[in-house]
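Taking it in order: structure first as C-alpha cells, then the write-up.
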Number of protein chains: 2
Amino acid sequence: MYQNKTTYFTFIFLFFSMVLVSQTEIESNIQALFKKSLTEGKSYEWLDHLSNKIGGRLSGSLNSQRAIEWSKNELENLGLDKVYLQPVMVPKWIRGTFEYANIETSPGNTINVPVCALGGSISTPLGGLRANVIEVMSFDELSKKKNEVKGKIVFFNRPMREDLVNTFEAYSAAVNQRVQGAEIAARFGAVGVIIRSLNLKLDDQPHTGNMSYGTLPLSKRIPAASISTNGAELLSSMLSLNKNLKFYLKQNCKNLPDVKSYNVIGEIKGSKYPDEIMVVGAHIDSWDIGDGAHDDGAGVVQSMEVPRLLEKINYKPKRTLRVVLFINEENGQRGAIKYSEESKNNKENHVFAIESDAGGFTPRGFSIDSNEEKFKIIQNWSTFFKPYFIHYFEKGRSGADISFLKNENNVMVGFKPDSQRYFEYHHSENDVFSSINKRELELGSASLASLIYLVDYFKL
Amino acid sequence: MYQNKTTYFTFIFLFFSMVLVSQTEIESNIQALFKKSLTEGKSYEWLDHLSNKIGGRLSGSLNSQRAIEWSKNELENLGLDKVYLQPVMVPKWIRGTFEYANIETSPGNTINVPVCALGGSISTPLGGLRANVIEVMSFDELSKKKNEVKGKIVFFNRPMREDLVNTFEAYSAAVNQRVQGAEIAARFGAVGVIIRSLNLKLDDQPHTGNMSYGTLPLSKRIPAASISTNGAELLSSMLSLNKNLKFYLKQNCKNLPDVKSYNVIGEIKGSKYPDEIMVVGAHIDSWDIGDGAHDDGAGVVQSMEVPRLLEKINYKPKRTLRVVLFINEENGQRGAIKYSEESKNNKENHVFAIESDAGGFTPRGFSIDSNEEKFKIIQNWSTFFKPYFIHYFEKGRSGADISFLKNENNVMVGFKPDSQRYFEYHHSENDVFSSINKRELELGSASLASLIYLVDYFKL
C-alpha cells in the first residue's frame, strides 16, 4: 500500500509538473511570437511594398497579377515546402476614364459632388445621365413610392448607424442599398441609382464596393454610383429645398469577359499529421481606388508572416500549415469557391482556418464558428492572450473566403481587430499605407500565429 | 406552513424580480449613455475648439488661461450646480524663439537635426553650445564612463522597448533619461544633454516633456533638449564613424517666476449623499508644441461630457459629482496638489475618482487602485461593459493628478484606452486634433460616464 501510494503521488506529481512545464512552454512561445513580430517582423515592410510599389489590385487587373507574382515570390523566399498558384477564372470590371456628377439646383446652377462607380455597374450613356431624384432610406420606402420612381435616379441615403459599437453591424445593416439597390430600383423603372457611401465619417471620399443586377436582363440594367457622405448630406438638403432638382452622372466603367487569375498558396507539410490542414488566409485582390492597405493588404502580409514567425521561434507544425491568398473576394469570391472545390476533389481535411479581413488595427480577438465543444476549448485559450490585451472570444461568423471550407467538425475563425476606424478607409482612396500603424499590424500577425500555434499544439 | 411557504416564495420571487429589473435598468442606462455619446455627443466639437481655437496651453501661458476660461464657461452652460476656479501658483517656462541643432561631421560639414528643448531646461549660451558627444544607453553606462564625460554633451539614446505590448511600460522604462538625465550628466561634468525622443516610431518629430535639475544649484545646470528618433539614429551612426564629431545646440528657453493659475471645477450636488464626492478629471494644461488633443484635451472633453451624458439619460447622481480640470500636470502637478490640500482642509470625503489621461483612443478598460473588496466589486461590473468590447479590469495605478486623493477606503481609477498609437503623438507636434477619431473619443466619454453611474448606483 505504501509503495502504491508513493507511486500514485509520484504519478500525480509528474503529471502536474508536465502540465506546468507545458503551460510555461506555451506561454513563452506565444510571448516569443509577439516579440519577434514587434521587433523583427516583416509585415510592415511587406505591406509597404504591396501598397506603394504595387497598389490597388482589382481582380483581373495587371496589378492583381503583379501582386500574385510578388506574394508567390516572397513565400518562396521563406523556404516553405511548396508554393504554387491555383488557376481560376475571375470577373474583370474596369472603372474607365471618367466619373463625374453634379447637382443642378436650377438651370445652369450646378454643384459638383464626389462620386465613384460601384464595382460591376454599367456605364451611363456617353453624354451622361440627367434626371430628377427620389431619395429613400430603404427598399420598403422605395416600394411604397414605386409610382414616383419611373425615369428618376433613386438616391439611397440610409446612413450607417453611429450607435452600434461594432461597426461591422452598422455596415451589414446598410450594405443592401449598395448590393441590391440598382436591381430593385431598375425594376420600378429608375434610370440610375446613387448610394450614400458606407462610411461612418462625414467626408468627401466616395466608397466603392460590389453591386449586383441579380437576374435583371442586360437591357434593364441601370448605372450605379456611390456618393461621399458629405455629398449625400448636401444632395439630401438640396432636395428638401427643391424636389425638382436634377442630378447629373457620367461614368464609363465596363464589364469585360472573365480572365484567368490565381490563388496563391504556400505550404509547410505537417511533421506528424500531414493530412490535417490548417489555413491562414486573406484576399490578395483589392478595390482599384486607394491601395488596399487595410482591405486586405494587412491580412495578406499577416498571413504570410505566420509561417515566418513560427520558423523564427523554431516551431515545426505537426499539421500542414497553408497560407492561402484568395483572389477575387471583392467581386465574386471565385478564388474561395475554387479553393474549396479543389479541396473537395482532393478529399482534403481542413481541420482549421482563420481569415484576416477586417483591417490592420489593434487585435481584439476572434469570432469562432465551430461546435460547442471546440468553441469551449478555444475560449479556454483566452488566458494565453490576456497579456496582449486580446479578450474577445465569441461565437460568430468567420470570414467570407474561408466560410466555404466549413463542415460539421472543423473550426473556422475570423480575426477581429478593433473596428472603429475601418469604414473610414474601406473601399475608398483613404485606404492607403499611411493609415496603417506598424505596431497594430504586427500585433495582428502575432495573434494569428499564436492561435495557429495553439491549434497545432493541442488537439482541436 | 403553507402560508409561510407562499410568503417565502413570494419574497424570493420579488427579490429576484427586483434584481432582474435593476439589472435591466442598469444595462439600458449604460446602453443609453453610449448611444447618446455616439449620436449626440459634444466631446468631439469641444475638442475641436480646445485644439484648434485655443491650441497648446502650457501652464502659465495665455493659452492656458484661455482654456481655463473657456472650459469654465462651457461647464456653466451645462447648468451644473456650481462651477468655480481654484487658484494655484504654477511654474512658467517659455520655449523662447529658437531651437536649432546640427551634427558637425567634419569642420564645415553639418547636418541639421530636429530638436526641441525639454520643459524646465535652461537656454544654451547665446551663441549656442558646441561640443563632442558621448552616447550612452543608461545611467549605469554613464557612471562607468564618467571620466570621459567632462566638457561633452551626453546623448541618452536608449529606445523605448518595441516588444512591450503596453506602450506605457515602454515609456516608464525610458523616461528617466528625460527627467533625470541632465542632473546626472551635469554632476559628471557634461555641458549639455540630448535625449532620444520617447517615441516608438522612427520619424522627424522631437518630443518634449518635463525634466528636473533636482538639487543642482543654478550655476551647475546644463541645457537639455530632445532629438527626434530619426535624428537619434543618425547621430548614433555618425558617432560610430567618428567619435570626435561635434554637436551644436542652440535654444533660448527660460524659467520665469511662478504665476497665478487655476483648477476648473464643476459640480452636481448629490441628491442623497452630498458629502460623498466622485471626481472625474483630466488636465487642462498641455505642452506648447502640437495642440494637446490627446494629451490631455481628450480627457478634458470626456470629463466635461460625463455630467452632460448623465443629464441626457435623466440620471441624477445620489453622490456629489465633480468634474475637475487640473492645471499643471505636465510640469509640476501644482493643480493636483492644491486640489488635494483644499480637499483635506475642507475635510471632504472623496469616495471615488477617475482620470482620463492616456489619449482619446478606443477604450480598453480600467486600472483600479483600491482595496481587494472594492476591486472585486468593480471587476464584477465588467459584464456591463462587455457589449462595448471593454474588457480590461485590473489592479494598477490610477492617474498622476487624482493619486493625491488616495486613502485607505476610497477607489481611484485610471481610464485605459488602447495604447499602441499614443507615443507617436505624445508631447510632439503630432498631437493635434486631426489625429483624433470621433468615435474612439466618444466611446471614452461613455466609458467614464458608465463607471461613474455604476459607482453612484451601487454602494462602493
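Brief remarks on what is shown
- The C-beta contact set for segment A:339-353 (first residue in the same structural domain as residue A:262 (by TED's automatic domain parsing), second residue part of a helix (DSSP H, G or I), distance under 7 angstrom, 6+ apart or interchain) comprises A:340/A:404; A:340/A:405; A:343/A:405; A:350/A:343; A:350/A:405; A:352/A:455; A:353/A:402; A:353/A:405.
Table: residues versus (1) at pLDDT 95 or above; (2) surrounded by 20 or more Cβ atoms within 10 Å (Cβ to Cβ); (3) assigned to a helix (DSSP H, G or I); (4) of a type outside the set (A, V, I, L, M).
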residue: B:18; (1), (2), (3), (4): no, no, yes, no
residue: B:23; (1), (2), (3), (4): no, no, yes, yes
residue: B:26; (1), (2), (3), (4): yes, no, yes, no
residue: B:33; (1), (2), (3), (4): yes, yes, yes, no
residue: B:38; (1), (2), (3), (4): yes, yes, yes, no
residue: B:64; (1), (2), (3), (4): yes, yes, yes, yes
residue: B:69; (1), (2), (3), (4): yes, no, yes, yes
residue: B:75; (1), (2), (3), (4): yes, yes, yes, no
residue: B:104; (1), (2), (3), (4): yes, no, no, yes
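- Taking segment A:354-460 and the helices (runs of 4 or more DSSP H) fully enclosed by it, the elements with 1 or more residues that are more than 14 Å from every other protein chain (Cβ to nearest Cβ) and closer than 28 Å to residue A:275 by Cβ are at A:372-380, A:438-457.
- In this entry, residue B:112 passes the filter for residues that are of a type outside the set (Val, Ile, Thr) and exposed (fewer than 15 other Cβ atoms within 10 Å of the Cβ).
- Screening the candidates B:82, B:152, B:145 for the property of being within 31 Å of the chain's Cα centre (by Cα), basic (Lys, Arg) and modelled with pLDDT of 95 or more yields one hit, B:82.
- Restricting segment B:366-412 to residues that are polar (S, T, N, Q) and surrounded by fewer than 19 Cβ atoms within 10 Å (Cβ to Cβ), the residue that is farthest from residue B:335 (Cα to Cα): B:383
- Unique match (being outside the structural domain of residue B:332 (by TED's automatic domain parsing) and under 30 Å from residue B:403 (Cα atoms)) among B:281, B:266, B:214: B:214
- Listed by first and then second residue, the pairs with beta-carbon distance under 7 Å, at least 6 apart or on different chains, first residue in segment B:25-51 and under 22 Å from residue B:432 (Cβ atoms) and within 14 Å of chain A (Cβ to nearest Cβ), second surrounded by 18 or more Cβ atoms within 10 Å (Cβ to Cβ) and basic (Lys, Arg), are B:44/B:438.
- Verdict on residue A:221 being farther than 21 Å from residue A:421 by Cβ and of a type outside the set (S, T, N, Q): yes
- Taken over segment B:403-416, the residue count meeting the criterion of being within 20 Å of residue B:294 (Cβ to Cβ) and touching a residue at least 60 places away in the same chain (Cβ under 8 Å) is 3.
- Hits in segment B:299-322 - residues which are assigned to a helix (DSSP H, G or I) and either over 30 Å from residue B:25 (Cβ atoms) or aromatic (Phe, Trp, Tyr) (or both): B:300
- Test for residue B:276: is it in contact (Cβ under 8 Å) with a residue 40 or more places away in the chain, among the acidic types (Asp, Glu) and surrounded by fewer than 24 Cβ atoms within 10 Å (Cβ to Cβ): yes
- When A:164, A:118 are checked against the criterion of being assigned by TED's automatic domain parsing to the domain that holds residue A:224, over 17 Å from residue A:227 (Cα atoms) and modelled with pLDDT of 95 or more, a single residue qualifies: A:164.
- Residues that are among the aromatic types (Phe, Trp, Tyr) and either under 24 Å from residue A:342 (Cβ atoms) or out of contact with any helix residue (DSSP H, G or I) (no Cβ under 9 Å at 6 or more places or on another chain) (or both), drawn from segment A:245-277: A:248, A:262, A:273
- Residue B:95 satisfies every condition listed in (1) exposed (fewer than 15 other Cβ atoms within 10 Å of the Cβ); (2) closer than 30 Å to residue B:239 by Cβ except (1).
- Residue check for residue A:363: crowded, with 21+ Cβ neighbours inside 10 Å, modelled with pLDDT of 95 or more and not assigned by TED's automatic domain parsing to the domain that holds residue A:118: yes
- Segment A:146-180, residues that are of a type in the set (Lys, Arg) and away from chain B (no Cβ under 14 Å): A:146, A:150, A:152, A:158, A:178
- Scanning segment B:425-436 for residues that are surrounded by fewer than 23 Cβ atoms within 10 Å (Cβ to Cβ) and either of a type in the set (A, V, I, L, M, F, W, C) or within 18 Å of residue B:166 (Cα to Cα) (or both) returns B:432, B:433.
- Scanning segment A:201-217 for residues being surrounded by fewer than 23 Cβ atoms within 10 Å (Cβ to Cβ) and either in contact with a Pro (Cβ under 6 Å, 6 or more places away or on another chain) or within 14 Å of chain B (Cβ to nearest Cβ) (or both) gives a total of 4.
The values are calculated or read from the model by the stated rules, or taken from the named source; none is laboratory data. Everything numeric here is computed off the predicted structure, so don't read it as measured data. Cβ: placed from backbone, ideal geometry, glycine included. Neighbour counts: every protein chain shown.
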